[in-house]
Amino acid sequence: MDECRSTIPTYEGDLHVVAAAHHIVKALGATNNLSDDLRKILIDLDAHLSMITSNIDSKGGRGFVDVEERLKQAERKIVSWESDPMMIWNSGPRESSEYLEAVDEIQTLIDGLRGLSVKENRKQEGILHQAASVLQMAMSRLEEELIHILVQHRQQFEPKHMSSRSTRRDVVYDDSFVSVEDEPAEETSSRNCSSDESGEYIVDLVHAHVIPDIKSIAKVMFTSDYGQEFCEAFIGVRKEALEQYFAILETGKLSIEDVLKMEWTSMSSEMNKWTWSMKIIFRIYLASEKRLCDQVLGDFISVNFCFLEISKATILCLLNFGEAIAMGPHQPEKLLRLLDMYETLADLLLDINTLFSEEAGSFVRLQFHELLERLGDSATAAFKAFGVAISSNGSFYPFPGGGVHPLNKYVMNYIRMFPEYCNTLNLLLKDQHADVANPVTEPEYGQNMSLSTSCPMACHLRSITSSLEFNLHKKSKLYKDEALRHIFLMNNIHYLVQKVKGSELRLFFGDEWIRKHNAKFQQHEMNYERATWSSVVSVLKDDNPGSSSMSKSTFKERCKGFNIAFEEVYKTQTSWCIPDPQLREDLRISTSLKVIHAYRTFLGRNPAHVDDKCVKYTVEDVEKLLLDLFEGSPRSLCNSRRW
Amino acid sequence: MPATEYQGSFLGRISIRRNQIIAVDGNHELDLEDLELFQKHVSDRFSELLSPTDDVPVDTLLSISWLRKLLDVFLCCEAEFKAILLMGRDPSQISKPPLDRLIPEFLDRAVKALDLCNGVINGVESFRHCQKLAEIAVSALDQNPIRDGQARRAKKALNSLMSAMNLDDKEGSNTKTTERSWSFGRRGGNKDRPPGHFRSLSWQVAKNWSAAKQIQTMTTNLVAPRGGEASGLASPVYIMSVIMVFVMWALVAAIPCQERTGLATHFPVPKQFSWAHSIIGLQEKIGDEWKKKEKKGMAGLLEEMQKMEKLGQSLIEFTDSFQFPGETEKVEEAAAQVAELSETCRRMEEGLLPLQMQIREVFHRIVRSRTEFLDVLDQGGKSSAPLV
């Protein structure tokens, strides 16, 4: 605009029209990213207009209004609003544009007068002085109007654009290892739905229709050198708006001390809120705020300073919660939430880099990069703690019924979610050695293992399950009854395999692992049968296969022996538990095959004695009774002769 | 940075000697020479802050550059402290009485210090707004001749500056009033409300959090070691605690922070320790300043802000009575003040961000040390547990 000033004529006669031309040029020149070429064109245009003007003048065209008179008019306009309780921009577009015209007029006069050699002219000096005072009045007013528009037309956007995490993730895992029951297998990953979240949403934080008004105020204020006032007012309102929005998100303003003292359930929900708020604040709110800044201020200044001022306090708040979490003890139950936080931040770093690209924003960028590192360390530590917690989880008493141990359920349901974090875990765990010192030997994975079974996460997963298996073996030793020990191990290894097979975990464990573990639980199944039924069946065995039937007394004795043994088994094993119906069914079938076959043969060989009272159970009875086993509800046959 | 060089060489030396000593005497707890050296360094560093030697450019007490030196001192002492306590030492040594109690207490203090760092970083943010307002006043008055319009412009900015400075510590709830007054859509009674007033210091923590109370609780169980403990590891823990409390206290006195009522209450530092003399001296000086200012709500004792307040006040008087073209004498006087204000703004422009970064550095350092201590306590706890 300096170039423009230089073209101002030095005699008062041309003032009016050239001022008009100047005005136009200035309006165009307000776009501050003009190329040199364009600027030159504007200057040429300015000169051209001056020439036309002098032509009109020489033809005796319109005369020009006295400068003083024009100032008075504009001043009247500006002063009249001083006593008006209404806001100008609330009174209609005509009022506001007239007001802006008046301000423009004053600005034009001031610019024009400055170009004159005013020092000698007392009258012009007086006008200039007056104009400056009116301008100050107007600027002060415009600042108020600006604040009012910004507040009045603030848009509250609901944080619904981003749905919170699926309910599945809201299960709170805790250190008790007991709270988790099997959940319905709605395996469709919430990740897939949430990937939509990465799309950018930009919303209008201020009604779009007032943006031109705000810009017009910005323009006159910057043109009149009141840009600082504009920025401070703008920053003030927008900063407060962000803080209020932040309050709506209910991300509590917590001190580090508070966070460290927090109990796990509330901490978990705060961590959830944080991940959620981070996304909304950075991806929607701040992206939108940046656009607003660009829209309003982009033509006048570099917006980075204002943007940083608006956002910094809130950002620090988010940052500090992250720091507090990263500082806390890294209990295993925190792992998934930490991974959520880590992934969210990792995901947002690009946005953060873009939003705070300039030097002034380096503070913010740096802090978040460091926070990411610390969250990663915390997640790794929590992962390790998870492994330690599994191997050190001890029991004093055998788990009743030999069913699936809660530790097993907890661990398997927990790690079932790991594949969702595969990339992150691979990244974090790649320098961490899987626990090779684990007593359960790691199955040899041959050359044919696929990528997913050899990735760091897969190795750590297998290390976790071998710790788990080791611990389960330890727990199985608590059973005095060998058969029950096998039931327990069968149940638990079967559960382990089912969990792996039924989820994405299978990709990481691989078929080889599954085969081996199938074999393991089948082995325990066989061992059980041997431990329980071999002795029972052996009672029925014919010592003398040559003869067609045994003596009555032998038969009676054998029968009695069988009855006692069977009743004993019935009594104890009805209270045992095989939670998986298929597994229970399989075991019954193979038991039946063995027992019923032996019993039928036994009775079949001795048809003469079958009617004897000592045959307490028919084959069908035994078949039926076997169905009562492993249902987890103890029954007894001893006193009930028949049912 | 000279501080780190120094620190590096010191750490190197101490670790070498420690290793030698440990090799000779496994039960050795604390080398007295280490403790004396530490005390001497603490004393030297703080006396430098209290009354700098001639060859150092003088930083006015509680100015931005002084605070940065204070933080440097903190970082140096902290590094040395950690070297003494942790380097080459068997974890079991610090997990037995009285350290098993003193270290966790120290770490509790550290957590409170972290919250204070955050509060103060936020307070520094609030200075920026003041700086911008002062800059407006400077650009309005830095003209020849000054016209009425510009004088009024400056006055408006300065009034906003004053009210921004005089926000009460408790005035985090300011937003409600402004929301109300804005929602009228009429320019009723709030016409005199200086714009910018609405920009309260936005606090980051829960409403009932109080900086003064934090500092107070940091000192509650802070007792100088006596008897045999005085020559043991309890001593450096005590010294570092005092330093930490003092530095946090000075920061909070200088920089706005949530709820500072009662900050003037001295925390007791026993006078018999020679290392503490300068700290006590500084404490008295700052405490006196605080008492002078406490009555009025204020932005803090930061030298630049005080200067800004003083200059602002007198420039308001100037603009109040100003009528074009103004008395030459007064105009000249004002011009000098404007130049001074402009210089103050420049110092803030240059110093505030680095100050903020440095407080952040202190923050991270405390976090790191805390982690290291916790690790050592953890290890110590394990190794001292009876082996089965």
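Table for the structure above
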{"item": "Residue that is open to solvent by 50 Å² or more (accessible area, probe 1.4 Å), modelled with pLDDT under 95 and under 18 Å from A:MET341 (Cα atoms), where the choices are A:SER194, A:SER189, A:SER163, A:SER179", "result": "A:SER163"}
{"item": "Residue within the stretch B:119-134 that is assigned to a helix (DSSP H, G or I), open to solvent by 30 Å² or more (accessible area, probe 1.4 Å) and in contact (Cβ under 8 Å) with a residue 40 or more places away in the chain present", "result": "no"}
{"item": "Residue among A:TYR397, A:TYR410 that alone is among the aromatic types (Phe, Trp, Tyr) and within 27 Å of the chain's Cα centre (by Cα)", "result": "A:TYR410"}
{"item": "Which numbered condition B:THR60 misses (of (1) under 18 Å from the mean Cα position of the chain (by Cα); (2) at pLDDT 90 or above; (3) on the phi < 0 side of the Ramachandran plot)", "result": "(2)"}
{"item": "Residue count, the stretch B:220-256 (criterion: modelled with pLDDT under 90 and in a helix (DSSP H, G or I))", "result": "6"}
{"item": "Positions within the stretch B:135-151 being open to solvent by less than 20 Å² (accessible area, probe 1.4 Å), out of contact with any Ser or Thr (no Cβ under 6 Å at 6 or more places or on another chain) and touching a residue at least 60 places away in the same chain (Cβ under 8 Å), in sequence order", "result": "B:ALA137, B:LEU141, B:ILE146"}
{"item": "A:MET271, sole failed condition from (1) within 14 Å of another protein chain (Cβ to nearest Cβ); (2) in contact (Cβ under 8 Å) with a residue 60 or more places away in the chain; (3) within 20 Å of A:LEU335 (Cβ to Cβ)", "result": "(1)"}
{"item": "Count of the stretch B:138-161 residues which are at pLDDT below 90 and either β-branched (Val, Ile, Thr) or under 33 Å from the mean Cα position of the chain (by Cα) (or both)", "result": "1"}
{"item": "Selection count where residues are closer than 24 Å to A:LEU335 by Cβ and more than 13 Å from every other protein chain (Cβ to nearest Cβ), scope the stretch A:222-268", "result": "6"}
{"item": "Residue in the stretch A:82-93 that is assigned to a helix (DSSP H, G or I), at pLDDT 70 or above, crowded, with 19+ Cβ neighbours inside 10 Å and within 14 Å of chain B (Cβ to nearest Cβ) present", "result": "yes"}
{"item": "Condition broken by B:SER47, with the remaining ones in (1) among the hydroxyl-bearing types (Ser, Thr, Tyr); (2) in a loop (DSSP other than H, G, I, E, B); (3) farther than 20 Å from B:TRP290 by Cβ satisfied", "result": "(2)"}
{"item": "Residues of the stretch B:256-289 classified as open to solvent by 10 Å² or more (accessible area, probe 1.4 Å) and under 12 Å from B:LEU61 (Cβ atoms), total", "result": "5"}
{"item": "Test: residue in the stretch A:525-542 that is open to solvent by 30 Å² or more (accessible area, probe 1.4 Å), of a type in the set (Asp, Glu) and free of Cβ contacts under 8 Å to residues at least 24 places away in the same chain", "result": "no"}
{"item": "Every residue from the stretch B:258-295 that is part of a loop (DSSP other than H, G, I, E, B), small (Gly, Ala, Ser) and within 15 Å of B:VAL247 (Cα to Cα)", "result": "B:ALA264"}
{"item": "Members of the stretch A:335-366 that are within 14 Å of chain B (Cβ to nearest Cβ) and open to solvent by 10 Å² or more (accessible area, probe 1.4 Å)", "result": "A:GLU358, A:GLU359, A:ALA360, A:SER362, A:ARG365, A:LEU366"}
{"item": "Residue that is farthest from B:ALA151 (Cα to Cα) [pool: residues in the stretch A:137-147 that are open to solvent by less than 10 Å² (accessible area, probe 1.4 Å) and in contact with an Asp or Glu (Cβ under 8 Å, 6 or more places away or on another chain)]", "result": "A:ARG141"}
{"item": "Residue within the stretch A:375-396 that is of a type outside the set (S, T, N, Q) and in contact with a strand residue (DSSP E or B) (Cβ under 7 Å, 6 or more places away or on another chain) present", "result": "no"}
{"item": "Helices (runs of 4 or more DSSP H) enclosed by the stretch A:346-433 - at least 1 residues per element that are closer than 30 Å to A:PRO581 by Cβ", "result": "A:362-392, A:406-415"}
{"item": "Residue within the stretch A:562-581 that is among the aliphatic types (A, V, I, L, M) and open to solvent by 40 Å² or more (accessible area, probe 1.4 Å) present", "result": "yes"}
{"item": "From B:MET348, B:MET357, residue being part of a helix (DSSP H, G or I), within 13 Å of another protein chain (Cβ to nearest Cβ) and either surrounded by 18 or more Cβ atoms within 10 Å (Cβ to Cβ) or not charged (D, E, K, R) (or both)", "result": "B:MET357"}
{"item": "Those residues of the stretch B:322-338 which are within 16 Å of A:SER133 (Cβ to Cβ) and polar (S, T, N, Q), in sequence order", "result": "B:GLN323"}
{"item": "Selection within the stretch A:386-406 - in contact with a Leu (Cβ under 7 Å, 6 or more places away or on another chain) and closer than 16 Å to A:ASN491 by Cα", "result": "A:PRO398, A:GLY402, A:HIS405"}
{"item": "Residue check, B:LYS96 assigned to a helix (DSSP H, G or I), surrounded by fewer than 19 Cβ atoms within 10 Å (Cβ to Cβ) and either basic (Lys, Arg) or at pLDDT 90 or above (or both)", "result": "no"}
{"item": "Any hit, the stretch A:281-289, residues being surrounded by fewer than 21 Cβ atoms within 10 Å (Cβ to Cβ), in contact with an Asp or Glu (Cβ under 7 Å, 6 or more places away or on another chain), within 14 Å of chain B (Cβ to nearest Cβ) and on the phi < 0 side of the Ramachandran plot", "result": "no"}
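So that you can scan it fast, the table gives a plain yes or no per residue for (1) open to solvent by less than 20 Å² (accessible area, probe 1.4 Å); (2) part of a helix (DSSP H, G or I); (3) at positive phi; (4) modelled with pLDDT of 95 or more:
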{"residue": "A:TYR201", "(1), (2), (3), (4)": "no, no, no, no"}
{"residue": "A:MET221", "(1), (2), (3), (4)": "yes, yes, no, yes"}
{"residue": "A:GLU240", "(1), (2), (3), (4)": "yes, yes, no, no"}
{"residue": "A:GLU243", "(1), (2), (3), (4)": "no, yes, no, no"}
{"residue": "A:ALA247", "(1), (2), (3), (4)": "no, yes, no, no"}
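The values are calculated or read from the model by the stated rules, or taken from the named source; none is laboratory data. Note that the structure is a prediction, hence the values are computed from the model and not measured. Cβ coordinates were reconstructed from backbone atoms using ideal geometry, including for glycine residues, and neighbour counts include every protein chain displayed. Keep in mind that these areas ignore ligands, DNA and RNA; they rest on the heavy atoms of the full protein, side chains included. Shrake-Rupley method; radii C 1.70, N 1.55, O 1.52, S 1.80 Å.
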